[in-house]
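Enquirer: Would you mind keeping the following structure in view while I ask a few things?
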Amino acid sequence: MKILVVCLVGLILCSAVTYSAQSSFMVHFERAVGKSAKEQLTAAYGGEIQVSLHDHLRLQAIFERLCSALDSSEYQYSLIVLASGKVNAFSLPGGFIFVTRGMLKLIGDDDQRLAGVLAHEIAHVEKKHGINALMRQLGLSVSVELGKRVLEVPTNQAVQIASQALIEVVQSGYSREAEFEADLLAQYYLVQAGFDPTGIIHVLSDLSVYDREHPSGEVFRSHPHIHARIGHLLSTAGSFWSEPQLVEAQELQFSSKATDPLGRFLVEACASESNPARLTLYDQQNGQQVTWFDPLFVTELAFAPDGALMATAVWNQVSWDVWLWNRYGSVVERWHLESADQIRNLTFAPDGKKIAYTRGSGDQVELWVGYVGEVSRIKVAEIPLVESLVWQVGGITAAAATGECYRIAPPAVVPVKTADPIPVVIERKPRLSPEIDQGLKDSVRLTRPSSIEL
Amino acid sequence: MDSYMRRLVLICIVLFITAAEAKADVNFTDPHRIFRFTVPAGWIYQAGESNDRLLVFYGPDTEQLLYIEYFTDLDVEDSYQFCNRVLRHFSADYGLPDFELLEEPVVWNFAGIEAAAVEYGFVGSKERIERRIFVAKGSAGLTITFSDGRPYFAESLDHFDFILNSWSWEVSQ
């Protein structure tokens, strides 16, 4: 009965308070709780570290671009790099974003992946996932609303209790729904800030691999539902491409036959009764047919712009796949697309890092884009039956069987550049010589220099 | 002297001459054909640490280092501004550890082009001092850095002076 009364009073008080006052108080409360938890979490992860000058400027450039792309935010964001080698990134209410040294090491120098991680954490803050989970955990919603009117500011004790609970919430990970919501919002922020929305997919894929190789479970504890999240993100990444636009085809050079940019291989039809559309390669340098594709049913072939890779559409007796080959006849990637519909119109992007292809039959086909070396295969459009594709800097142009041409453009990706030119600062690497150990019977043993760290 | 001995003597002479040449000064023209300088005896180009944007040389002493970095998309008014903008970051709290400005930036005529030079110390794996020359011409630029351990830097400056005195530009100024 007492609780009911308190709740009713709380509701009455809350309704009397203006929205802006509530909002301002909550931001203040979030910041206070976040700041208190920040100190403890920073200590738990080995303290804050200063990354190298170049890494700092790169991190800040990406972080500031993401923050400035937010439509409107109540928060002042700050980025903290933690010393821990554990692979993790998290955020706290009020705008505190954390990334560990271990996570930065995993990401490497890929700006798109780094932006993906930061955008996801910013999205948690913007969606108030931390503070909402905390409220649920403590059942604080009413008491805080009451407290703000009575005390005007949260007491230190309330903040301390809340921050302890918040640390537990953050370390145990958010709900599946909260993660999905943060992912989708992160993709939106990435596109708004001029980053590739697939960056977050690729870093999740890295985390999945990392967790398989380091089965401590720490990654999945703090980043649950990775596989489902990757699936969700793959299904939404294509929505950031433009709708197909009708364009003039006069300036475009469509080619139905793949040409080796290095001029060595010729693509030839090698039709037989069983394989009427089969392709093969002729090596002009050695003057003979290449046998790499012999046991396979290859119907499409495209060369990367630099000629280093070839993409082929391969029928695996069950479904259609895309296989990537190097120039020595080794398969470097197999994309198991499990497509019952034939893969057609393979075309590399100008940077050689993506491949477009069509799937389907009938009047409408699906246009897909796959990332070389990554998990992303995303459907970017549905277009009328295509005869050929060309991928230029501005996007993909599809020549439809009806004679019309459609242009589908990817979201604009702007390279990360620091405001000032920063020269490198390097140091001499030590000269490493094997250590000589005078053995028995005039023998000499050379051992690894003790200064090498393995 | 039989033919075997003659061949052995010949090989020894060739090896001696090669070794002697390796100890002599050599002229170095950069891969982009922008500049040329004389590499002092004992200095060795480090191909493994160099790339199309960076040239690295190791000196005969343990810590001596020369490195030259190319810039192609500079947005600065002149070499002095280039230098100051870099120093702002080097000296910031996120900059070089224990940064210490030892000589203020100065502008001087470097082989016919206006350049800025500065000297600073910092603590990397060891205490180091660097003298860095900044050159900016339009959107292109270079930094030429001579670096050594703090205790040996002053003694090593002769090497750097030798390099700078032999410097010439391969492109029109």
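The values are calculated or read from the model by the stated rules, or taken from the named source; none is laboratory data. As the structure is a computational prediction, the values presented were derived from the model and not from experiment. FYI the Cβ positions are ideal-geometry reconstructions off the backbone, even for glycines, and counts take in every protein chain you see. Remember, those area values only see protein heavy atoms, side chains included, never the ligands or the DNA or RNA. Shrake-Rupley method; radii C 1.70, N 1.55, O 1.52, S 1.80 Å.
Enquirer: How many residues does region A:47-68 contain that are over 19 Å from residue A:424 (Cα atoms) and within 12 Å of chain B (Cβ to nearest Cβ)?
Expert: Result for region A:47-68: 2.
Enquirer: Here is a list: B:60, B:105, B:97. Which entry is touching a residue at least 24 places away in the same chain (Cβ under 8 Å) and touching a Gly at 6+ places or on another chain (Cβ under 8 Å)? If you could, list the steps in order and put the result at the bottom.
Expert: Numbers: B:60 fails: touching a residue at least 24 places away in the same chain (Cβ under 8 Å); B:105 fails: touching a Gly at 6+ places or on another chain (Cβ under 8 Å).
Just a single option satisfies the conditions, and that option is B:97.
Enquirer: If I ask for residues that are under 23 Å from residue A:261 (Cα atoms) and open to solvent by 20 Å² or more (accessible area, probe 1.4 Å), which ones from region A:304-328 would you list? Working first, answer last.
Expert: Initial filter on region A:304-328 (under 23 Å from residue A:261 (Cα atoms)): A:304-314, A:322-328.
The answer is A:305, A:306, A:308, A:309, A:323, A:326, A:327, A:328.
Enquirer: Given the residues A:369, A:375, which is the only one that is of a type in the set (A, V, I, L, M, F, W, C), in contact with a helix residue (DSSP H, G or I) (Cβ under 9 Å, 6 or more places away or on another chain) and not in a strand (DSSP E or B)?
Expert: So the residue among A:369, A:375 that is of a type in the set (A, V, I, L, M, F, W, C), in contact with a helix residue (DSSP H, G or I) (Cβ under 9 Å, 6 or more places away or on another chain) and not in a strand (DSSP E or B) is A:375.
Enquirer: Of all residues in region A:384-410, how many are part of a strand (DSSP E or B) and of a type outside the set (A, V, I, L, M)? Spell out the reasoning first.
Expert: Step one: filter region A:384-410 for residues part of a strand (DSSP E or B), giving A:384, A:386-392, A:395-400, A:405-408.
Keeping just the survivors that are of a type outside the set (A, V, I, L, M) gives A:384, A:387-388, A:391-392, A:395, A:397, A:405-407.
Count: 10.
Enquirer: Please state which of the following conditions residue A:270 fails to meet, knowing it meets all the rest: (1) modelled with pLDDT under 80; (2) surrounded by fewer than 15 Cβ atoms within 10 Å (Cβ to Cβ).
Expert: Just one mismatch for residue A:270, condition (2).
Enquirer: Let me ask something else. Restricting to region A:316-341, give me the number of residues that are among the polar types (S, T, N, Q) and either more than 19 Å from residue A:368 (Cβ to Cβ) or outside the structural domain of residue A:282 (by TED's automatic domain parsing) (or both).
Expert: Count: 3.
Enquirer: So residue A:437 fits all but one of (1) closer than 30 Å to residue B:92 by Cα; (2) at pLDDT below 90; what number is the exception?
Expert: Only one criterion in (1) closer than 30 Å to residue B:92 by Cα; (2) at pLDDT below 90 is unmet by residue A:437, namely (1).
Enquirer: If you check A:379, A:354, which single one turns out to be touching a residue at least 60 places away in the same chain (Cβ under 8 Å), touching a Gly at 6+ places or on another chain (Cβ under 8 Å) and closer than 24 Å to residue A:204 by Cβ? Give the steps one after another, and end with the answer.
Expert: Working: A:354 fails: touching a residue at least 60 places away in the same chain (Cβ under 8 Å).
Checking each option against the conditions leaves just A:379.
Enquirer: Given the options A:89, A:83, name the one that is over 20 Å from residue A:128 (Cα atoms), of a type in the set (Gly, Ala, Ser) and touching a residue at least 24 places away in the same chain (Cβ under 8 Å).
Expert: Result of the check over A:89, A:83: A:83.
Enquirer: Which count do you get for residues in region A:391-404 that are buried (at least 19 other Cβ atoms within 10 Å of the Cβ) and either acidic (Asp, Glu) or touching a Leu at 6+ places or on another chain (Cβ under 8 Å) (or both)?
Expert: Matching residues across region A:391-404 total 5.
Enquirer: When you scan region B:90-173 for strands (runs of 3 or more DSSP E) that lie fully inside it, which ones turn up with 2 or more residues that are within 14 Å of another protein chain (Cβ to nearest Cβ) and closer than 29 Å to residue A:49 by Cα? Quick ask: steps written out before the conclusion?
Expert: Numbers: elements: B:100-110, B:113-123, B:127-137, B:140-149.
Here the list reads B:113-123, B:127-137, B:140-149.
Enquirer: Looking only at residues in region B:79-89 that are of a type outside the set (A, V, I, L, M) and at the interface with another protein chain (Cβ under 8 Å from one of its Cβ atoms), which one is nearest to the chain's Cα centre (by Cα)?
Expert: Among them, the one singled out is B:82.
Enquirer: In region A:287-303, how many residues are open to solvent by 40 Å² or more (accessible area, probe 1.4 Å) and hydroxyl-bearing (Ser, Thr, Tyr)?
Expert: 1
Enquirer: Looking at region B:50-103, which of its residues are among the hydroxyl-bearing types (Ser, Thr, Tyr) and surrounded by fewer than 21 Cβ atoms within 10 Å (Cβ to Cβ)?
Expert: B:50, B:58, B:62, B:70, B:72, B:80, B:91, B:94
Rundown of residues vs (1) closer than 19 Å to residue A:357 by Cβ; (2) not in a strand (DSSP E or B), yes/no style:
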site: A:286; (1), (2): no, yes
site: A:301; (1), (2): yes, no
site: A:305; (1), (2): yes, yes
site: A:311; (1), (2): yes, no
site: A:314; (1), (2): yes, no
site: A:317; (1), (2): no, yes
site: A:321; (1), (2): yes, no
site: A:336; (1), (2): yes, no
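Enquirer: Please enumerate the residues belonging to region B:32-60 that are polar (S, T, N, Q), within 11 Å of another protein chain (Cβ to nearest Cβ) and not in a loop (DSSP other than H, G, I, E, B).
Expert: Across region B:32-60, the qualifying residue is only B:51.
Enquirer: Could you name every one of the helices (runs of 4 or more DSSP H) located completely within region A:44-130 that has at least 1 residues being open to solvent by less than 10 Å² (accessible area, probe 1.4 Å) and under 20 Å from residue A:168 (Cβ atoms)?
Expert: Once the helices (runs of 4 or more DSSP H) in region A:44-130 are filtered for at least 1 residues that are open to solvent by less than 10 Å² (accessible area, probe 1.4 Å) and under 20 Å from residue A:168 (Cβ atoms), what remains is A:111-126.
Enquirer: Of the residues A:378, A:408, A:396, which is hydrophobic (A, V, I, L, M, F, W, C) and either within 16 Å of the chain's Cα centre (by Cα) or within 14 Å of chain B (Cβ to nearest Cβ) (or both)?
Expert: A:378
Enquirer: Quick one: residue B:63 ticks every box in (1) charged (D, E, K, R); (2) closer than 23 Å to residue B:136 by Cα; (3) not in a helix (DSSP H, G or I) bar one, so which box is it?
Expert: Of (1) charged (D, E, K, R); (2) closer than 23 Å to residue B:136 by Cα; (3) not in a helix (DSSP H, G or I), only one is false for residue B:63: (2).
Enquirer: Hey, any hits in region A:181-189 for a residue that's assigned by TED's automatic domain parsing to the domain that holds residue A:75, modelled with pLDDT of 80 or more and over 22 Å from residue A:203 (Cα atoms)?
Expert: For region A:181-189, residues assigned by TED's automatic domain parsing to the domain that holds residue A:75, modelled with pLDDT of 80 or more and over 22 Å from residue A:203 (Cα atoms): absent.
Enquirer: Moving on to the next point. Could you list, in sequence order, the residues of region A:343-357 that are in a loop (DSSP other than H, G, I, E, B) and open to solvent by less than 50 Å² (accessible area, probe 1.4 Å)?
Expert: Listed by number, the residues that qualify are A:349, A:352.
Enquirer: Suppose the filter is more than 14 Å from chain B (Cβ to nearest Cβ), charged (D, E, K, R) and either in a loop (DSSP other than H, G, I, E, B) or under 30 Å from residue B:48 (Cβ atoms) (or both); does residue A:427 pass it?
Expert: Criteria not met by residue A:427.
Enquirer: Taking the conditions exactly as written (within 27 Å of residue B:155 (Cβ to Cβ) and facing chain A (nearest Cβ under 8 Å)), does residue B:76 satisfy them or not?
Expert: no
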